[in-house]
1. So P116 passes all but one of these: (1) modelled with pLDDT under 95; (2) within 20 Å of the chain's Cα centre (by Cα); (3) on the phi > 0 side of the Ramachandran plot. Which condition number does it fail?
2. All but one of (1) more than 17 Å from the chain's Cα centre (by Cα); (2) open to solvent by 60 Å² or more (accessible area, probe 1.4 Å); (3) among the β-branched types (V, I, T) hold for V35, so report the exception by its number.
3. For residues that are open to solvent by 40 Å² or more (accessible area, probe 1.4 Å) and within 29 Å of G85 (Cα to Cα), tally how many sit in segment 103-123.
4. Hey, any hits in segment 124-136 for a residue that's in contact with a Gly (Cβ under 9 Å, 6 or more places away or on another chain) and surrounded by fewer than 15 Cβ atoms within 10 Å (Cβ to Cβ)?
5. Any idea which residue in segment 51-68 is modelled with the lowest pLDDT, counting only those that are outside any loop (DSSP other than H, G, I, E, B), closer than 23 Å to I133 by Cα and in contact with a helix residue (DSSP H, G or I) (Cβ under 9 Å, 6 or more places away or on another chain)?
6. Pick from L40, L76: which is free of Cβ contacts under 8 Å to residues at least 60 places away in the same chain, open to solvent by less than 30 Å² (accessible area, probe 1.4 Å) and among the hydrophobic types (A, V, I, L, M, F, W, C)?
7. Where residues in segment 69-102 are touching a Cys at 6+ places or on another chain (Cβ under 9 Å) and part of a helix (DSSP H, G or I), which of them is farthest from V161 (Cα to Cα)?
Amino acid sequence: APILSANVLRDFSDRGHLNWQHVSAIRRRWKGQMVIKGILHPDDARTARAQGMDGVIVSNHGGRQLDGSMSPLQALPAVVDAAGGMDVMLDSGVRRGSDVLKAMALGARCVFVGRPFNYAAAVAGQRGVAHAIGLIVEEVRRNMGLLGVVDVKAVNADCIVRLPGA
């Protein structure tokens, strides 16, 4: 993205040097709401809460950076348990309305859907995105009906069955 500043430095290199001390430094300076993305482990959720985060996004960044990482949906329940009331959202691997409902049933307050809209935009532009939004909304509504719930707030752990050993 273009930068309109004569003195800003933008690091496009490896970000492996970033750590919780950097998060703490940003938190001290930024008094607004702050959310950190890329959480997959409950210890990181606890650390984020201790650092004063308002929320976390459970994400493996679409599996692009580390293709062998666990699914955010698998990580979600333990992160929600460790969040201690902090907002927990989910991103990555969401392809359809049933994925949205699964994440919400496992405790996500918000679910981000990106890739289907990127594909729709590539194929048909704004009309494609509008169509994809309609499909996701209809899938959520239909699946809520199949679950017997009429309000998204009623989607909870009672809506899913955990398989033994899962």
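1. The single condition P116 does not satisfy is (3).
2. The single condition V35 does not satisfy is (1).
3. Filtering segment 103-123 for residues open to solvent by 40 Å² or more (accessible area, probe 1.4 Å) gives 104, 109-110, 112, 115, 117-119, 121-123.
Those still in the list that are within 29 Å of G85 (Cα to Cα) too: 104, 109-110, 112, 115.
The total comes to 5.
4. Yes, some residue in segment 124-136 is in contact with a Gly (Cβ under 9 Å, 6 or more places away or on another chain) and surrounded by fewer than 15 Cβ atoms within 10 Å (Cβ to Cβ).
5. Applying the filter and picking the extreme gives G62.
6. Details: L40 fails: open to solvent by less than 30 Å² (accessible area, probe 1.4 Å).
Going through L40, L76 in turn, just one is free of Cβ contacts under 8 Å to residues at least 60 places away in the same chain, open to solvent by less than 30 Å² (accessible area, probe 1.4 Å) and among the hydrophobic types (A, V, I, L, M, F, W, C): L76.
7. Ranking the candidates gives L101 first.
The values are calculated or read from the model by the stated rules, or taken from the named source; none is laboratory data. Keep in mind the model is a prediction, meaning the values are calculated, not measured. Cβ coordinates were reconstructed from backbone atoms using ideal geometry, including for glycine residues, and neighbour counts include every protein chain displayed. Side chains are part of the model used for accessible areas, which takes the heavy atoms of the whole protein and leaves out ligands, DNA and RNA. Shrake-Rupley method; radii C 1.70, N 1.55, O 1.52, S 1.80 Å.
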